[in-house]
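Since every read-out is calculated from the coordinates, none of them should be taken as a lab result. The structure displayed is predicted, hence computed values, not measured ones. Cβ coordinates were reconstructed from backbone atoms using ideal geometry, including for glycine residues, and neighbour counts include every protein chain displayed.
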């Protein structure tokens, strides 16, 4: 790594690499700092069917690599490092990584958010083999099949309604006796054919090579088995933004406070993708954020 860049992007998902690509094409020196692999959460999805341009879908890891190569074609550097500290105020931003410190005139925060897991022993192993966290991303893989949605908030309600239109059967498991979802979801849910499993938790995922069912435990201790092809966990997401606390404004959930311009409260600092406050978190909206950020970065750096 060099010591100084025009733009540093923290996070190598679709938002980060799109911002990097656009900035590099505008003539700026750009580095992407990624802790794992290109693509971020997208790289854990076996089949992406809702990103335009791939008529047969594409593996999420492969799409991440393509985004990386597309940006590097215009001179973007990628460093696989852990970012341990940031100082984002002032005209020169300082970023400390596991391989040294760099400086940048503008910084893009593209650290994403992770789905909150159910905490079951089989969960990580079965991700992509029946365990999923995004109905609009992975729902079509279960067309005509039986699925279980876990949760009781807006995300769970929206996922269950979406899946009810394409799946043979949808169960909604919630630990309480009523949903926490907004009223706008309640009437459609009544007429959706979804079967509600109240006062219950999924305590085990049954499987061979892929999910075959779940064990559900009621609050009174009774246990039952539900045969299914997929389990969608919809119990919230955790933004990966703790590194920026005390510097960048956030909402109550910890998402970076930035509107559609992607500008944060700090001049020269921009937030894109799943880490940003926004109504829809998808690959295509993250990529759009990256393009928008590049426009305002160029305004800022002039």
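Tabulated data for the structure shown
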quantity	calculated
Cα shape, segment 15-126, gyration tensor, a/c 1.5 rule	oblate
Rg/Rh for the chain, where both radii come from Cα atoms and Rh is the Kirkwood radius	1.02
In nm, spacing of pseudo-spin labels at residue 65 and residue 298 (7 Å Cα→C-beta vector)	3.1
Whole-number D in µm²/s for segment 183-302 (Stokes-Einstein; Kirkwood sum over Cα pairs; 25 °C, 0.890 mPa s)	136
Nearest 10 degrees, 0 to 90: helix 60-72 Cα axis against the chain principal axis	10
For segment 117-233: relative contact order, % (alpha-carbon pairs under 8 angstrom, 6 or more apart)	31
Fluctuation leader among 61, 232, 196 - the chain, Gaussian network, Cα springs under 10 angstrom	196
Ranked list, fewest to most other Cβ atoms within 10 Å of each Cβ, for 276, 176, 201, 263	176, 201, 263, 276
Order of 125, 67 - criterion: other Cβ atoms within 10 Å of each residue's Cβ, fewest first	125, 67
Least to most buried among 145, 168 (fewest other Cβ within 10 Å first)	168, 145
For segment 117-233, alpha-carbon Rg and Dmax in angstrom	13.0, 39
Whole-number percent relative contact order across the chain, with pairs defined as alpha carbons under 8 Å at least 6 apart	21
Folded to 0 to 90 degrees: helix 14-25 orientation relative to the chain principal axis, Cα	20
